[in-house]
Amino acid sequence: MEETFFILKPDCLERGLVGQVLQRAEVRGLKINRMEMRQIDRSLLEEHYADLVDKPFFPAITDFMTSGPVIVGTFTGVGAVQAWRDMLGATDPSKALPGTIRGDYALGSFPGEAIKNIAHGSDSLASAQREIAIWFDE
């Protein structure tokens, strides 16, 4: 069994898609292990996205991710990290296949904006462990 981290981003909450996204994960066999709604700040985003802080698009990510509440949590299940990533689809919604969460729900973005792609998922087991420790202070 693996544990992976997720964020349901402000666009997911604004559009009322939380239930549909979580249902897809549960139907796939992932169990919600913990979950909470938060309003996040820049310092937490800088820690989470440490590899992106110096990128020119980071301010757009910060503006988007602090624009409303998010839901953070963990899923557990066999191969949870890859299962969740596969369900999400490509980071860029224009490249996400139909049938994936981003392919079905994400709207993309305008130039200079952060990509509004509904949800985040850890890209490896090591990233999941790091992100869980950041967000749940363990």
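Please enumerate the residues belonging to segment 86-138 that are touching a residue at least 24 places away in the same chain (Cβ under 8 Å), small (Gly, Ala, Ser) and crowded, with 21+ Cβ neighbours inside 10 Å.
If the condition is that a residue be touching a residue at least 24 places away in the same chain (Cβ under 8 Å), small (Gly, Ala, Ser) and crowded, with 21+ Cβ neighbours inside 10 Å, then Ala106, Ala119, Gly121, Ser122, Ala128 are the ones that fit.
Determine if segment 12-21 includes at least one residue that is open to solvent by 20 Å² or more (accessible area, probe 1.4 Å), over 19 Å from Phe64 (Cα atoms) and in contact (Cβ under 8 Å) with a residue 40 or more places away in the chain.
Step one: list which residues in segment 12-21 are open to solvent by 20 Å² or more (accessible area, probe 1.4 Å), which gives 13-16, 18-20.
Filter again for over 19 Å from Phe64 (Cα atoms), leaving 19-20.
Narrowing the set further to residues that are in contact (Cβ under 8 Å) with a residue 40 or more places away in the chain leaves 20.
Yes: segment 12-21 contains one or more residues that are open to solvent by 20 Å² or more (accessible area, probe 1.4 Å), over 19 Å from Phe64 (Cα atoms) and in contact (Cβ under 8 Å) with a residue 40 or more places away in the chain.
When you scan segment 70-82, do you find a residue that is without any contact (Cβ under 8 Å) to a residue 24 or more places away in the chain and within 14 Å of the chain's Cα centre (by Cα), even just one? Lay out the reasoning, then the answer.
Residues of segment 70-82 that are without any contact (Cβ under 8 Å) to a residue 24 or more places away in the chain, as a first pass: 82.
Then keep just the ones that are within 14 Å of the chain's Cα centre (by Cα); that gives 82.
Yes, segment 70-82 contains at least one residue that is without any contact (Cβ under 8 Å) to a residue 24 or more places away in the chain and within 14 Å of the chain's Cα centre (by Cα).
Can you tell me which condition Ile61 does not meet? The list is (1) farther than 20 Å from Gln129 by Cβ; (2) open to solvent by 80 Å² or more (accessible area, probe 1.4 Å), and all the others hold.
(2) is the only condition that Ile61 fails.
When residues of segment 107-133 are filtered for being in contact with a helix residue (DSSP H, G or I) (Cβ under 9 Å, 6 or more places away or on another chain), more than 21 Å from Phe75 (Cα to Cα) and of a type in the set (A, V, I, L, M, F, W, C), how many remain?
Adding up the residues that qualify gives 3.
The values are calculated or read from the model by the stated rules, or taken from the named source; none is laboratory data. Computed from a prediction, not measured in an experiment: that's the story for all the values here. Note that we place each Cβ from the backbone using ideal geometry, even for glycine, and neighbour counts take in every protein chain shown. Note: areas computed on protein heavy atoms with side chains; ligands, DNA, RNA excluded. Shrake-Rupley method; radii C 1.70, N 1.55, O 1.52, S 1.80 Å.
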